[in-house]
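Scroll down for the structure; my scribbles are underneath it.
The values are calculated or read from the model by the stated rules, or taken from the named source; none is laboratory data. For clarity, every value in this text was computed on a predicted model and none was experimentally measured. As a convention, Cβ positions derive from the backbone with ideal geometry for all residues, glycine included, and neighbour counts pool all protein chains shown. The protein model used for the area step is the full one, side chains on, heavy atoms only, and it has no ligands, DNA or RNA in it. Shrake-Rupley method; radii C 1.70, N 1.55, O 1.52, S 1.80 Å.
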Amino acid sequence: MTTIRHHLSDQLLMAYAAGQLPEAFNLVVATHVSLCDECRARAGSFDAVGGTLLEEADEIAMGEDALAKALERIEGLAQATRSEPLKPAGIFPAPLADYIGGDLSAVRWRKVGGGVKQAILPTAKDASVRLLYIPAGTAVPDHGHRGMELTLVLQGAFADENDRFGRGDIEIADEEMEHTPVALAGEDCICLAATDAPLRFRGLIPRLAQPLLRI
Amino acid sequence: MTEQALSPLPSGVGAGAGSRQKRVGSLATTDDTDWAALLVKVRDHQDRAAFAALFRHFAPRVKAFLMKSGAGAALAEECAQDVMATLWQKAHLFDPTRASVATWVYTIARNRRIDALRKARRAEPEELDWGPEPEPDQAEVMEAQQETERLGRALAALPAPQRTLIERAFYGDLSHSEIAAETGLPLGTIKSRIRLALEKLRHQMG
Ligand SMILES: [Zn+2]
């Protein structure tokens with residue numbers, strides 16, 4: 001595995017640990033953490049903050065028969081079998097494979113022009129996440145951002161004016177950022193991208209086509 | 001795998017067990033109760049008395065946590081019950097060298113809250129194959145279990161506005177973009193400890 005150079009921000013990891021991210025962002029964070037021990041450890045340290053707040057929380061008494069109910073309930077759970085942990089599928093780490101319901105062959109791509117394909121994954125509506133397929137050597141449709149966009153590379157690589165992003169790398173783009181990423185030669189590039197606002201496509205894709213993209 | 005992993009543990013022996021006096025079953029739980037040892041008893045022996053002690057300590061805290069996050073009393077009570085049932089059911093996933101019991105309960109409560117209050121799925125990272133833990137290293141267990149206490153002291157020492165900001169982030173009063181990344185808490189040591197454990201694991205798997 002190549003070394004990951006672009007990681008999640010503390011802000012995102014803390015929001016993930018606090019359970020405050022939109023579902024679409026959760027998926028990108030969980031997928032990156034599956035590939036990245038560094039961010040797994042950082043996420044764990046933010047979980048510990050949550051643990052501390054829980055420990056220090058004022059107690060609010062449970063109902064009188066709460067413990068009896070709990071003991072009764074676990075009686076039936078005593079023999080509960082261990083659930084099989086989710087498994088990765090091809091280039092998809094487990095949480096993503098779970099959303100897609102399989103590996104690359106299970107993805108239902110839609111063409112968006114210029115050889116670029118996308119597949120929007122079903123999540124809560126407060127943000128959206130999709131897979132992007134960008135043929136090697138092709139420019140990713142130029143877009144300005146509103147809100148925040150996270151892009152995680154799963155296969156191949158892309159580069160923009162500033163940097164190169166390979167498998168496991170995550171690019172965090174905000175409103176100010178206007179960039180033109182290009183999928184590098186070699187393998188076709190597959191990314192997982194989440195955004196909390198609609199994208200405004202320019203360049204490769206005519207503006208008129210945008211409503212059809214359902215982003 | 002070592003031979004130790006194959007030899008059965010004597011009943012009641014878990015992480016830290018026997019090293020301290022515990023008052024299981026009494027109403028007054030003390031601050032130095034060895035929660036990890038109790039949860040290990042639940043994990044290895046389906047020990048109901050240990051579960052009851054954990055319930056008395058953590059259920060009212062989970063309820064308070066959920067109510068502060070906006071749940072009504074009835075929903076919070078119901079969810080706290082669910083969280084404690086999950087603790088019983090998933091005890092086999094608890095490893096006292098990796099996280100304190102409070103942290104572990106917190107992650108269950110957080111996920112239950114997302115489910116109940118936001119009705120959204122939460123993607124979880126791929127589970128790592130930690131394998132059967134031979135005799136856990138007692139120093140590592142202590143370190144992980146004392147984390148909550150140490151962080152608690154650091155949290156108490158923070159200026160009130162900063163502390164409030166962290167609380168608001170975890171109780172859902174801030175949007176993700178409002179969350180401040182800089183906590184002022186000594187999280188580096190915790191990160192390093194987990195990082196080390198992960199390196200060890202990768203090495204074993206490699
Ligand atoms: Zn990372």
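Quick notes
- Checking A:Ala185, A:Ala197, A:Ala173, A:Ala209 one by one, the residue that is at pLDDT 90 or above and hydrophobic (A, V, I, L, M, F, W, C) is A:Ala185 and no other.
- Qualifying residue in the range B:68-75 (condition: within 25 Å of B:Ile190 (Cβ to Cβ), without any contact (Cβ under 8 Å) to a residue 60 or more places away in the chain and more than 7 Å from chain A (Cβ to nearest Cβ)): no
- Flag if A:Pro122 is open to solvent by 40 Å² or more (accessible area, probe 1.4 Å) and either hydrophobic (A, V, I, L, M, F, W, C) or within 10 Å of chain B (Cβ to nearest Cβ) (or both): yes
- Residue pairs meeting the criteria (Cβ under 6 Å; at least 6 apart or on separate chains; first under 11 Å from A:Arg42 (Cα atoms) and at the interface with chain B (Cβ under 7 Å from one of its Cβ atoms), in the range A:1-28; second away from the ligand (no atom under 13 Å from the Cβ) and in a helix (DSSP H, G or I)): A:Met14/A:Phe46
- All positions within the range A:24-58 that are under 15 Å from A:Pro95 (Cβ atoms) and either polar (S, T, N, Q) or in contact with a helix residue (DSSP H, G or I) (Cβ under 8 Å, 6 or more places away or on another chain) (or both): A:Phe25, A:Asn26, A:Leu27, A:Val29, A:Ala30, A:Thr31, A:His32, A:Val33, A:Ser34, A:Cys39, A:Arg40, A:Ala43
- Selected residue (only one of A:Ala48, A:Ala41, A:Ala97, A:Ala61 is closer than 17 Å to B:Arg195 by Cα, more than 16 Å from the ligand (Cβ to nearest atom) and free of Cβ contacts under 8 Å to residues at least 24 places away in the same chain): A:Ala48
- Condition met for A:Gly168 (in a loop (DSSP other than H, G, I, E, B), surrounded by 19 or more Cβ atoms within 10 Å (Cβ to Cβ) and within 14 Å of another protein chain (Cβ to nearest Cβ)): yes
- Any pair with Cβ under 6 angstrom, 6 or more apart, that starts in the range B:96-119 at a residue that is at the interface with chain A (Cβ under 7 Å from one of its Cβ atoms) and ends at one that is outside any loop (DSSP other than H, G, I, E, B) and β-branched (Val, Ile, Thr): B:Ser100/B:Thr148; B:Ala102/B:Thr148; B:Ala109/B:Val62; B:Ala109/B:Val83
- Residues satisfying the stated conditions in the range A:56-83, i.e. more than 7 Å from every other protein chain (Cβ to nearest Cβ) and at pLDDT 90 or above: A:Glu64, A:Asp65, A:Ala68, A:Glu72
- A:Leu86 being surrounded by fewer than 15 Cβ atoms within 10 Å (Cβ to Cβ) and facing chain B (nearest Cβ under 10 Å): no
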